[in-house]
Amino acid sequence: MAGATRRPVLVTGGAGYIGSHTVVELLQDGRPVVVLDNLCNASAESLRRVERITGLPVPFVQGDVRDAALLDDLLARHDIGAVLHFAGLKAVGESVARPLEYYDNNVTGSQVLLQALARADVRRFVFSSSATVYGDPESVPIREGARTGPTNPYGRSKWFVEMMLADLAEADGRWAIGNLRYFNPVGAHPSGLIGEDPSDVPNNLMPFVAQVAVGRRAQLSVFGSDWPTPDGTGVRDYIHVVDLARGHLAALRRVESTPGMFTVNLGTGTGYSVLDMVRAFERASGRAVPHVFAPRRAGDIARCYADPSHAEQLLGWRAQLGVDAMCADAWRWNCRNPDGYRGAEEAGSV
Ligand code: NAD
Ligand code: UDP
């Protein structure tokens, strides 16, 4: 097996939603991993589930990407070949209320990590950025060259890291950096063993819809019915988390072969409205999703979807899974784990 001789990939934030799905794809591709996560928004149960899906061990270091000494020690112990950097905070509203925490975790965290990687001579790096760096797009579909201009501290924290990475790639040609701008990740692994596990009331549409369908919440508030979109509700580019995870594998192959920095959108290229997604979830679950119309949410935009053609040209990757699979897999995860990973932890299962 080719993977047997491969150097491990360091996955920061690997116990989280997108990271855990990516660890599955890495292991199934024959790549050993080391996960670093401080568990501020995750449970180590997710990694036990990954071990169950893959039948392979997931070495785990509990720690913070801002801890330089811990990073030096980790990099000395493991022969890391590349890094996928998911660790960070991601709640837009919270970032408005607590901007310094977001700049510290997301910007300083990335800087401390990059400095440690330079010391250890590890210069293959893939970064979790976001379509939020585009702010309110002038037109859709959005290409990578579109104007950027995030409208909240979370988005700006991603944007600052993007600029730090561009400066680094410019200054030192040994770096190979993939900058991935995700659109709206949804869904779960088809096994029903891992998925999105919001610790509080979900801010995002699909985890909220799932919790309504499963009976944990009474109804969905649809934020705005007067947007300039076909049915008046907001339009987004929802991408299955397994497709997104596979995008990381493609990005990893690129940074392993080619120095310099690239930026790609990871989206499907198709926009769906809030009501489209509610109907898709109702189809997949066979349950009603009661909803009421509510005022627009502050800071929201009408529509946001990717032109994903650059990722296809550069990486040979494109999303394969449609909204029905996204909803069916999210539903399976929610039915089997109505309390997320907490239920399993309390029952001491797995
Ligand atoms: P998540 O919260 O599930 O995962 C992030 C992980 O990072 C968590 O496990 C958390 O415990 C860990 N973490 C946070 N700060 C850390 C630190 N300082 N040191 C070590 N570990 C730390 O979120 P996710 O949805 O899996 O997102 C992963 C990445 O993708 C994030 O950087 C996020 O900003 C980005 N992103 C997410 C979305 C989305 O909608 N989910 C969209 C675009 C970009
Ligand atoms: N949305 C909604 N009700 C909710 C959560 C979200 O109507 O409880 C809408 C939101 O206004 C947007 C879409 O669903 O049009 C996607 O929102 P989400 O927060 O998931 O993603 P983002 O806005 O960050 O792209």
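The values are calculated or read from the model by the stated rules, or taken from the named source; none is laboratory data. This structure is a prediction, so every number in the text was calculated from the model and none was measured. Note: ideal-geometry Cβ built from the backbone for every residue, glycine included; neighbour counts use all protein chains shown. Only protein heavy atoms, including side chains, enter the accessible area calculation; ligands, DNA and RNA are left aside. Shrake-Rupley method; radii C 1.70, N 1.55, O 1.52, S 1.80 Å.
Just grab the label-to-label distance for Asp121 and Ala44, each label 7 Å out from Cα along the Cβ direction, in nm (one decimal).
Calculated label separation equals 3.3 nm.
Kindly write out, for the stretch 137-149 in residue order, the coupling ³J(HN,Hα) from the Karplus curve 6.51 cos²θ - 1.76 cosθ + 1.60 (θ = phi - 60°), rounded to whole Hz, with x marking Gly and Pro.
Result, rounded to whole Hz: x, 5, 8, 10, x, 8, 9, 4, x, 4, 4, 9, x.
Nothing charged except the Cβ atoms of Lys and Arg (+1) and of Asp and Glu (-1): what's the magnitude of the dipole of the chain about its Cα centre? Round to the nearest 20 debye.
The dipole of the chain has a size of about 440 debye.
Once the convex hull of the C-alpha atoms of the chain is built, how many Å³ does it hold per residue, rounded to a whole number?
129
Rounded to the nearest 20 debye, what is the charge dipole size of the stretch 201-350 about its Cα centre when +1 sits on each Lys and Arg Cβ and -1 on each Asp and Glu Cβ?
I would put it at about 160 debye.
If I model a spin label as a point 7 Å beyond the Cα along the Cα-Cβ vector, how far apart are those points for Thr258 and Arg283 in nm?
Output for this residue pair reads 3.6 nm.
Efficiency by 1/(1 + (r/R0)^6): what FRET value for Asp226 and Asp324, r their Cβ-Cβ distance, R0 = 22 Å, to the nearest 0.05?
About 0.20, to the nearest 0.05.
Under 13 Å from the Cβ of Asp67, count the other residues' Cβ atoms, weight Lys and Arg +1, Asp and Glu -1, and hand me the total.
Around Asp67, the surrounding residues sum to -4.
Could you work out what % of the accessible surface of the chain is carbon and sulfur, using a 1.4 angstrom probe and leaving DNA, RNA and ligands out of the count?
Of all accessible area on the chain, carbon and sulfur atoms account for 49 percent.
So for the stretch 195-350, what percent of the C-alpha to C-alpha distances run longer than 23 Å?
46
Counting only the backbone N, which residues of the stretch 20-56 are under 15 Å from the spot 7 Å out from the Cα of Ser199 toward its beta-carbon?
Residues 37-46 qualify, since their backbone N sits under 15 Å from the label point.
Sort 174-184, 264-274, 227-237 for me by packing, meaning the mean count of neighbouring Cβ atoms within 10 Å per residue, highest on top.
Listed from highest to lowest mean packing, they are 264-274, 174-184, 227-237.
State, to one decimal in nm, how far the label point of Glu138 lies from the label point of Ala171, with both points 7 Å from Cα in the Cβ direction.
If labels sit at Glu138 and Ala171, their model points lie 3.1 nm apart.
Give a residue-ordered list of calculated ³J(HN,Hα) values for the stretch 156-167 (Karplus: 6.51 cos²θ - 1.76 cosθ + 1.60, θ = phi - 60°; whole Hz; x for Gly, Pro).
Whole-Hz 3J(HN,Hα) from phi for the stretch 156-167: 5, 5, 5, 5, 4, 5, 3, 5, 4, 5, 5, 5.
Under the 0.36 nm per residue contour assumption, what length would be gained going from the current alpha-carbon distance of Ala294 and Thr54 to full extension?
82.1 nm
Can you tell me the orientation of helix 109-119 relative to the chain, as the angle in degrees between its alpha-carbon axis and the longest Cα principal axis, to the nearest 10?
Roughly 20 degrees between the two axes.
In the stretch 154-174, which residues have a backbone nitrogen under 19 Å from the label point lying 7 Å from His310's Cα in the Cα-to-Cβ direction?
155-171
How high is the FRET efficiency between Val214 and Gln28 when r is their beta carbon distance and R₀ equals 35 Å, given to the nearest 0.05?
With R0 = 35 Å, the Cβ-Cβ based efficiency is 0.80.
If you place +1 on the Cβ of every Lys and Arg, -1 on the Cβ of every Asp and Glu, and leave all else neutral, what size is the dipole of the stretch 109-182 about its Cα centre, to the nearest 20 Debye?
Around 180 debye, computed over the stretch 109-182.
Any chance you could give the angle, 0 to 90 degrees and rounded to 10, that helix 17-28 forms with the longest Cα principal axis of the chain?
It works out to around 60 degrees.
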